[in-house]
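J.: Attaching a single structure in structure tokens format; questions to follow.
The values are calculated or read from the model by the stated rules, or taken from the named source; none is laboratory data. In this text the structure is predicted, and so the values were computed from the model without any measurement. Because the Cβ atoms are built from the backbone with ideal geometry, glycine has one as well, and the counts that use them run over all protein chains shown.
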Amino acid sequence: MQRGKYRWGVSDLLHKLASVPQEIIHWAKDKTDTFLYEKDQLEHIQVIQIRDEEVGILQAQLRGLLDPAMSVKGKSLSDASSAAESLSAADQELVRHIRLETARRNRSNITRTAAYLDMFTRHPELHWSFLAHMVSRNGGWNMTDLKGELLPYLLSTIQQEHVYAFLERANALIFHDAYPQLLLYEASLRAGKPKFHCLRGLNVSSFMLPVWELFWERRDSALLTMALIVNEQHYIEHRVVRHPTYRTTVLDTLFFNAQSKLQLNQVVFPYYVDGRLRLAGLILESFSDLQERIELGKKLYAILFGIPVVLEGAVRYAAAQRHTGSRSDYFPHLFAPIRQAPPVPRGQLKEWLDGCSLRPGAAPLYSPRLTDVWKDRPVDEIEPEDWLSAETIDASLRYLASVEPPFSFDMTHEYCFGLNKIELAVLAGDLWS
């Protein structure tokens, strides 16, 4: 066959294909398979609906809570001690019990993650609790990564400690604020009447009072979930994200800013489908951006509760696999909670991974259980400041809008691609010191 400038024969094509690295071929095939799988789920996807009428009710009620003397940004909208004293003796005892139970379950990422699942199991209408359970699993995996196979090559011991302190503080603060609200809802169910006036005694933002009252009346799980996402991200904004210590030791470091390139900031939800485990989720580009964290939370909620195959499979996974903090909880073919081979000096390192599989002769990547590498630590005192102000009402309410699950939600192969990038960074040398 005569060939012109733009004509290739079969032999030319085969030669070109043979010169393409197998990793790229595998990656392209995986991307195609994922695309077709996600396309099959399109007809089942459900939009998470938020009604404008309910947002309007919240707006009116929130504005009614504020007066000009309380509208200065940064001022507390209530004095926690006086709020507690104004409660009846029975309510004060309820607040005391909730605080004790919260402290008991706030010992570590392991106990928090289990508490969220227990609450959702008892009250499936609390969608946020299951979302928090799945996200908290990621928090534990991120913590153990710091002592696992790869990251110790990139981070010094003191850097590992700084990142762990940051992750632990954010994880603990969200639980400290949100879990009492869930317990108070449960107490209201037992009492047969709402007890949300006790929120002030628990130092919960005024933003949540009308939200819980509306939820009690209408049982709109989506509105409650999105409001809790907004509230918890505001709660840690000044206490963690903008805190000078965490900015200096973590958020403004080269390593943390390189996370999006290395894809260390993936949030994945393991879920079973057709007897196989897959990963759904998204990548957070900038933890420092409040709006991005809230929007990510909404999209993760839409993936978890708007795609039936993900919700059903994630519930099965959560019930079957106790959270240990080791990534072997979901990928035992890649990770092991006990080190299978001694650490290798940097100059002798060899590749572990071939896509989503181990190379021949490679030992599983060490991914320890959290209790084996990090000790429980007490939650330091938390300043009872309310983030809500006249200036933040409208902006916070704009987040309460309907959201559709993203088309691209399956992270099974994307996760492995990110893991390969971390491996390459380790093999390339210490870039972050």
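J.: So, in the range 296-336, how many residues would count as being part of a helix (DSSP H, G or I), more than 18 Å from the chain's Cα centre (by Cα) and among the aliphatic types (A, V, I, L, M)?
T.: 3
J.: Assess whether A165 counts as being touching a Leu at 6+ places or on another chain (Cβ under 7 Å) and in a helix (DSSP H, G or I).
T.: In short, no.
J.: Moving to a separate point now. Taking V240 as meeting all but one of (1) buried (at least 22 other Cβ atoms within 10 Å of the Cβ); (2) closer than 27 Å to M411 by Cα, write down the number of the exception.
T.: All conditions are met except number (2).
J.: While we're on this one: Report yes if some residue within the range 206-214 is in contact (Cβ under 8 Å) with a residue 40 or more places away in the chain, surrounded by 21 or more Cβ atoms within 10 Å (Cβ to Cβ) and within 20 Å of the chain's Cα centre (by Cα); otherwise report no.
T.: Scanning the range 206-214 turns up no residue that is in contact (Cβ under 8 Å) with a residue 40 or more places away in the chain, surrounded by 21 or more Cβ atoms within 10 Å (Cβ to Cβ) and within 20 Å of the chain's Cα centre (by Cα).
J.: Taking only pairs six or more apart or across chains, which ones have beta-carbon atoms under 6 Å, a first residue in the range 397-411 that is at pLDDT 95 or above, and a second residue that is loosely packed, with under 14 Cβ neighbours inside 10 Å?
T.: S402/V47; S402/Q49; E404/V47
J.: Looking only at residues in the range 27-57 that are aliphatic (A, V, I, L, M) and under 26 Å from the mean Cα position of the chain (by Cα), which one is modelled with the lowest pLDDT?
T.: Looking at residues that are aliphatic (A, V, I, L, M) and under 26 Å from the mean Cα position of the chain (by Cα), I get L42.
J.: Please indicate, with yes or no, whether at least one residue in the range 125-133 is surrounded by 14 or more Cβ atoms within 10 Å (Cβ to Cβ), modelled with pLDDT under 95 and part of a helix (DSSP H, G or I).
T.: No, every residue in the range 125-133 fails to be surrounded by 14 or more Cβ atoms within 10 Å (Cβ to Cβ), modelled with pLDDT under 95 and part of a helix (DSSP H, G or I).
J.: Considering only the range 392-412, state which residues are part of a helix (DSSP H, G or I) and out of contact with any His (no Cβ under 9 Å at 6 or more places or on another chain).
T.: I393, D394, A395, L397, R398, T412
J.: Take the conditions exposed (fewer than 15 other Cβ atoms within 10 Å of the Cβ), out of contact with any His (no Cβ under 8 Å at 6 or more places or on another chain) and polar (S, T, N, Q) and apply them to S389. Does it pass?
T.: Here the answer is no, as S389 does not meet what is asked.
J.: If you don't mind, another one. Can you tell me how many residues in the range 353-375 are surrounded by 14 or more Cβ atoms within 10 Å (Cβ to Cβ) and among the charged types (D, E, K, R)?
T.: Of the residues in that region, 2 qualify.
J.: Next question, about the same structure. Give me the residue from the range 342-388 that is assigned to a strand (DSSP E or B) and hydroxyl-bearing (S, T, Y) and, out of that set, modelled with the lowest pLDDT.
T.: S357
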